[in-house]
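Peer 1: This is the structure I want to talk about, given as structure tokens.
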Protein chains: 2
Amino acid sequence: MKNNAEVSKATVDRLPLYFRTLRQVQSEGIDIISSEELGRRIGVTPEQIRKDLASFGEFGKKGVGYFVRELIRNISEILGLHRNWNIAIIGVGHLGWALANYRSLNSIGFTVAALLDADSAKIGQRVNGIEVSDMSDLEQVIKDQDIHIGVITVPANVAQQTAERLVAAGVRGIWNFAPVVLKVPDDIRLVSEDLSVGLSSISYYLSRVARE
Amino acid sequence: MKNNAEVSKATVDRLPLYFRTLRQVQSEGIDIISSEELGRRIGVTPEQIRKDLASFGEFGKKGVGYFVRELIRNISEILGLHRNWNIAIIGVGHLGWALANYRSLNSIGFTVAALLDADSAKIGQRVNGIEVSDMSDLEQVIKDQDIHIGVITVPANVAQQTAERLVAAGVRGIWNFAPVVLKVPDDIRLVSEDLSVGLSSISYYLSRVARE
């Protein structure tokens, strides 16, 4: 497998979709799939799929297609999903609760190993089998549960301090849902989700259709 | 303003971030901002900002910067946020509930005008002032509330049929959170959120750091 640091973010972002679709294909009992059929299911061109996968090495056989099981294993390795990543969700409001129950995360190799909240009414409750811990124990919980990735679903005004505590406690990745721009050290991998982006994108295209 | 259909999706996806950051800047009482300072706050280069905005026309004044209020109004118009978009959330589980309460949506011009669920225990409840309607009344609710965009937060196995009902009822955009690839007519704007993408991206980069 190539270890190409130049692979684009867009390619990396498409891989989970390939992964999920291939698992669906596998569950239908299909062993081999063409880039045309895979592209049709995902909604990208076969050329795009071939190009994306070629960034990482040679997969599939010309005129035959991709071996589904093999490609799933390869993408899983590329994405690092064959490892066991422990994640902690900080802030058990509705969004944190939804993420704790989001089955796709579990199915691709992430384990929600800890939930934390500052609200005494929530501490001690169980969500999907995990007890909600007290925010003031954050550092201890991160160590005890060997947490690699922290998920920030706290209110915006405490998001930065939460990120700093997570970094100091040893997490290496942060997945942020608070609508603020967080500052973290360069060696911490930060991905921020902005839920208004998707909706704004719809608004943008609908406005233009209406204008034309 | 240019009406350039060639503007990249990446540019369109960055605009909401500019918009939100500029509103923050405005709330701090700042009237003029340089692309350097704006870039620093957002985490992109000043060149990127200038390039993105140049896709739509001429903004800002060389050597002075961007007039904050004017740029906010311009980006709002580009994104179609100055219109009033009514959205309906289909499926009031934790994720639907979280979205109904997600303040950023309201603050940028989307109105959650309807909530629907099939669960009789939820029908009639109020979330953020909106009563949950019965899924079987979907077509009527879409018409009565003049819904433009449907948000799909139902389980994966009923997502496609939900999308079809929304389209038949007249919505023009669909924001999908169910982990399935939906088929909709070409004139419907579909944006699918895959919450596992962000986490997989973190996993990808952490794996590579660990390997090097």
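Peer 1: All but one of (1) surrounded by fewer than 16 Cβ atoms within 10 Å (Cβ to Cβ); (2) in contact with a Leu (Cβ under 6 Å, 6 or more places away or on another chain) hold for B:Ser107, so report the exception by its number.
Peer 2: Unmet for B:Ser107, out of (1) surrounded by fewer than 16 Cβ atoms within 10 Å (Cβ to Cβ); (2) in contact with a Leu (Cβ under 6 Å, 6 or more places away or on another chain): (2).
Peer 1: Would you check which residues across the stretch A:25-45 are part of a helix (DSSP H, G or I) and surrounded by 15 or more Cβ atoms within 10 Å (Cβ to Cβ) and list them?
Peer 2: Within the stretch A:25-45, A:Val25, A:Gln26, A:Ser35, A:Glu37, A:Leu38, A:Gly39, A:Arg41, A:Ile42 meet the criteria.
Peer 1: Kindly indicate whether B:Lys51 is away from chain A (no Cβ under 14 Å), more than 27 Å from A:Glu193 (Cβ to Cβ) and not small (Gly, Ala, Ser).
Peer 2: It is false that B:Lys51 is away from chain A (no Cβ under 14 Å), more than 27 Å from A:Glu193 (Cβ to Cβ) and not small (Gly, Ala, Ser).
Peer 1: Against the conditions (1) within 13 Å of chain B (Cβ to nearest Cβ); (2) open to solvent by less than 30 Å² (accessible area, probe 1.4 Å); (3) under 17 Å from the mean Cα position of the chain (by Cα), where does A:Ala113 fall short? Just the number, please.
Peer 2: Of (1) within 13 Å of chain B (Cβ to nearest Cβ); (2) open to solvent by less than 30 Å² (accessible area, probe 1.4 Å); (3) under 17 Å from the mean Cα position of the chain (by Cα), only one is false for A:Ala113: (1).
Peer 1: List the strands (runs of 3 or more DSSP E) inside the stretch B:144-199, counting only whole elements, that have at least 2 residues being over 21 Å from B:Asp119 (Cα atoms).
Peer 2: B:173-176, B:189-192
Peer 1: Additional query: Considering (1) within 14 Å of chain A (Cβ to nearest Cβ); (2) within 23 Å of the chain's Cα centre (by Cα); (3) within 30 Å of A:Phe19 (Cα to Cα); (4) crowded, with 17+ Cβ neighbours inside 10 Å, say which one B:Val127 fails and leave the rest.
Peer 2: (3)
The rows are residues; the columns are (1) at the interface with another protein chain (Cβ under 8 Å from one of its Cβ atoms); (2) in contact (Cβ under 8 Å) with a residue 24 or more places away in the chain; (3) open to solvent by 20 Å² or more (accessible area, probe 1.4 Å).
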position	(1), (2), (3)
A:Pro155	no, yes, yes
A:Gln161	no, no, yes
A:Leu166	no, yes, no
A:Arg172	yes, yes, yes
A:Val181	yes, no, yes
A:Pro185	no, no, yes
A:Leu195	yes, no, no
A:Ile202	yes, no, no
A:Ser207	yes, no, no
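Peer 1: Can you tell me which residue within the stretch A:46-85, out of those that are assigned to a loop (DSSP other than H, G, I, E, B) and small (Gly, Ala, Ser), is least open to solvent (accessible area, probe 1.4 Å)?
Peer 2: A:Gly80
Peer 1: Sticking with this one: Scanning for something free of Cβ contacts under 8 Å to residues at least 12 places away in the same chain and of a type in the set (A, V, I, L, M), does the stretch B:23-45 turn up at least one residue?
Peer 2: no
The values are calculated or read from the model by the stated rules, or taken from the named source; none is laboratory data. These figures come from a predicted structure and were not determined experimentally. Using ideal geometry, Cβ is built from the backbone for each residue, glycine included, and neighbour counts are taken over all protein chains shown. For accessibility, only protein heavy atoms count, side chains too; no ligands or nucleic acids. Shrake-Rupley method; radii C 1.70, N 1.55, O 1.52, S 1.80 Å.
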